[in-house]
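One structure is given below, encoded as structure tokens.
The values are calculated or read from the model by the stated rules, or taken from the named source; none is laboratory data. Everything numeric in this text was worked out from a predicted model, so none of it was measured. FYI the Cβ positions are ideal-geometry reconstructions off the backbone, even for glycines, and counts take in every protein chain you see.
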Ligand SMILES: Nc1ncnc2c1ncn2[C@@H]1O[C@H](COP(=O)(O)OP(=O)(O)OP(=O)(O)O)[C@@H](O)[C@H]1O
Ligand SMILES: [Mg+2]
């Protein structure tokens, strides 16, 4: 049986439904990510799990026990806030030790455990610093340590890295994932950064307007989007409506057709291969290891990615090409 | 848990309201009892018709207006200049403007009496006009903390330096920069400070009394010592003046908000 | 704000013309604030300084510590003591009640309109001091006051029979509270607004209850602001003359009234002792304001 299960969760603020029939279950030790655009309800779901908001309806169970109505301080669920929420009147040691003190741990134990976790998050030497004397990345690690040290049943992380610069972010990502694996912590991580979600998670829940659009392992969500929304949000999919699909490919579909830019092959303009489409290069952008072309075919502009091997590969605007798209790379989405 | 704390909050507010409203009700009720045979506005009529009231209230109003004008002329250019050219001096100027909160009014006026008495180097207490001037200056010092703080905050909310440089680059002269660019942008801050000053000055007692000027404060004290019902009527009038001043501040503060966003 | 214009003009430039221009510019800069400093000197600093010097002089202008020594006479010392008691009591009461009111309005989960109403009202009441306030309290708690009369007629309770008087220490403290409480509400509100909801939630998620939150987090964070506000309230009450004078005349022996009477020439007939009294007042209010400023800067430094 799953460790954390959420059934038919709803949340309404006044007459504004923010979370809509939300269902999920995760296993012990799993690292899952809520991924979705701003305002889609990620934080709200997290806060209901933590016990800071009461669901309008629905059930939240941990280890088979219904905790929907339980007070936050009894749940044993750790939370790392987007803004860290460190107590400004306490230094690093006191902040981290606070949860243990609330649990009436003996002072010796607190000292030992805090020292351990300080080493774990690499904050040695900062024990007596106050939050305002720490950098953003250090504060983030204090917040993480503070949540970890009480050995929570579930760890919730609400966009913990969004306030940090790119390099620190990458480092902390790995550090968090590493610690999570070592401690076997059941973890929910909230982000609106798809790269972060893809690199860190066992499983991703893509959310949109208070619902789960799609859930699944990272590589599956990326390669097999179930809906138009996921396709748009996850990759730079080419999305064709039914009419365009018919015109371009002669196929009849009901929803949208999603084609990833890297799965379209560009052939020489004189190629006579069967099943290829004629196209004209309109422009390109250099994205480092990839060149992204805008290629027009039958009045439709397609994004096509090619590896940037040598400078002489670059095809100037106006070049006539032929495009080959394998049937397997076309996905029909809702 | 939540509902008990909400109950506590309601109780606190209720007790607070009672404590603050009861004296007002009591005063109002008392002020209506001048006629033996029932409630009437007799006390108000008597007060408003008293030439002493008219004279002193008029005098204090005039003093308040002069105080506000002089205070603004003193504070606005200073605060502006400090932000623009001499930011190093800001702590010193702030410290000075806070001094009137530290030095009690009675001490300040005592100092005036020692420094400017009729046998001193600058005998300001020697003649009435000069004493009026001294009283006004003492009121400006009283108003300094309020005026400076609200003007300084107003100037901080707009980017004074950029505005000034923009105006300069468009060829504006100094007076027109101050009058047409800076002043309109801190108008509401100035008005807030002005109304607060009005509320503080109109009933001021200590300075007016010790400088021996016929202001509203000493008049109130005199009536309080000699009459029964009129003081209550006067207290209600004073309360309404204070209320009006604060209400106007709210009005201007509210109007200022959208303006500040676009600035 | 890293490069101020005048630091630019002070930058050493080749050419005498440049330097002269820089000098005249900075002289002009000072001219811009000259009226303010002149005003402050004439009407704030010199008057106070001359009193402070006078406190150490005898009638002939010779240096003496005699005036200061006289402050320790029983009658004057007791005036300081009563002043201290009234100020401390009204500051303490104002702090506690004002804090409770502000907390109730901001964090008590009350309807939205309560807060702005309380703020506006506090703005009014904190400025409703002085003589009209004493009239209001005489009409309320005086011998013929509404509350006194109502208690006697309906609750059969003789307020003045208990030894209470509006002219007493307790009466004066109650009156002072009328402006002290709203003042506290106004100055402590920003500090309470600074308490972030996540701190409470972080505390809860770590297993702390409401009591733990208040004891370990909210109060320690608010503490410098609360103490600082209390000191400001203290200074505010200590320097107040008009309310007490109109309420009690000269019947309550507090320092501001003693000084007032002294200046009016009613009592002491000793100018220099008056200066010493004033000096004593400045020392007391100055110390408590310094404490306020120090604590406030501590409170600001602790913010993330
Ligand atoms: N206390 C509240 N009262 C009313 N509406 C709220 C409240 N909290 C959140 N909402 C609304 O619920 C919606 C979802 O908010 P939520 O904070 O869960 O979004 P999110 O997915 O975390 O977004 P972000 O990525 O920007 O943090 C938003 O439209 C927000 O305005
Ligand atoms: Mg969020």
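Structural remarks
- If you go through segment C:67-82 and keep only what is more than 22 Å from the chain's Cα centre (by Cα) and without any contact (Cβ under 8 Å) to a residue 12 or more places away in the chain, you end up with C:69, C:72, C:73, C:74.
- Which listed residue, of A:67, A:6, A:77, is within 22 Å of the chain's Cα centre (by Cα) and either away from ligand 1 (no atom under 16 Å from the Cβ) or at pLDDT below 90 (or both): A:77
- In segment B:212-247, the residues that are closer than 30 Å to residue B:126 by Cα, surrounded by fewer than 17 Cβ atoms within 10 Å (Cβ to Cβ), without any contact (Cβ under 8 Å) to a residue 24 or more places away in the chain and under 22 Å from the mean Cα position of the chain (by Cα): none
- Qualifying residue in segment A:128-135 (condition: within 14 Å of chain C (Cβ to nearest Cβ), within 16 Å of ligand 2 (Cβ to nearest atom) and surrounded by 14 or more Cβ atoms within 10 Å (Cβ to Cβ)): no
- Checked against (1) more than 14 Å from chain A (Cβ to nearest Cβ); (2) surrounded by fewer than 20 Cβ atoms within 10 Å (Cβ to Cβ), residue C:194 meets all criteria but (1).
- With respect to (1) modelled with pLDDT under 90; (2) closer than 22 Å to residue A:34 by Cα; (3) part of a loop (DSSP other than H, G, I, E, B); (4) in contact with a strand residue (DSSP E or B) (Cβ under 9 Å, 6 or more places away or on another chain), the lone exception for residue A:163 is condition (4).
Residue-wise test of (1) more than 29 Å from residue C:186 (Cα to Cα); (2) facing chain B (nearest Cβ under 7 Å); (3) surrounded by 15 or more Cβ atoms within 10 Å (Cβ to Cβ); (4) at pLDDT below 90.
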| residue | (1), (2), (3), (4) |
| --- | --- |
| C:110 | no, yes, yes, yes |
| C:113 | no, no, no, yes |
| C:128 | no, yes, yes, yes |
| C:156 | yes, no, no, yes |
| C:162 | yes, no, no, yes |
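- In segment A:49-81, of all residues being crowded, with 18+ Cβ neighbours inside 10 Å and either out of contact with any strand residue (DSSP E or B) (no Cβ under 9 Å at 6 or more places or on another chain) or more than 20 Å from residue A:28 (Cβ to Cβ) (or both), the one that is farthest from the other protein chains (Cβ to nearest Cβ) corresponds to A:55.
- Exclusive hit being more than 29 Å from the chain's Cα centre (by Cα) and without any contact (Cβ under 8 Å) to a residue 12 or more places away in the chain, set A:310, A:276, A:280: A:310
- Of all residues in segment B:72-91, those that are assigned to a helix (DSSP H, G or I), facing chain C (nearest Cβ under 9 Å) and farther than 15 Å from residue B:145 by Cβ total 9.
- Qualifying residue in segment C:224-234 (condition: within 9 Å of another protein chain (Cβ to nearest Cβ), closer than 30 Å to residue A:71 by Cβ and in contact with a helix residue (DSSP H, G or I) (Cβ under 8 Å, 6 or more places away or on another chain)): no
- Note on segment A:39-51: residues that are within 14 Å of residue C:202 (Cα to Cα) and at pLDDT below 90 total 0.
- Selected residue (only one of C:34, C:49, C:55, C:104 is in contact (Cβ under 8 Å) with a residue 12 or more places away in the chain and either outside the structural domain of residue C:248 (by TED's automatic domain parsing) or crowded, with 20+ Cβ neighbours inside 10 Å (or both)): C:55
- All conditions in (1) without any contact (Cβ under 8 Å) to a residue 24 or more places away in the chain; (2) assigned to a loop (DSSP other than H, G, I, E, B); (3) more than 18 Å from residue B:34 (Cα to Cα) hold for residue C:117, with the sole exception of (2).
- Answer residue from segment A:166-204, given it is within 16 Å of ligand 1 (Cβ to nearest atom), away from chain C (no Cβ under 14 Å) and not in a helix (DSSP H, G or I) and is farthest from residue A:38 (Cα to Cα) among those: A:204
- Residue that is farthest from ligand 1 (Cβ to nearest atom) [pool: residues in segment A:82-95 that are under 27 Å from the mean Cα position of the chain (by Cα) and surrounded by 22 or more Cβ atoms within 10 Å (Cβ to Cβ)]: A:86
- Just one of (1) touching a strand residue (DSSP E or B) at 6+ places or on another chain (Cβ under 8 Å); (2) more than 7 Å from ligand 1 (Cβ to nearest atom); (3) away from chain C (no Cβ under 14 Å) fails for residue A:42. It is (2).
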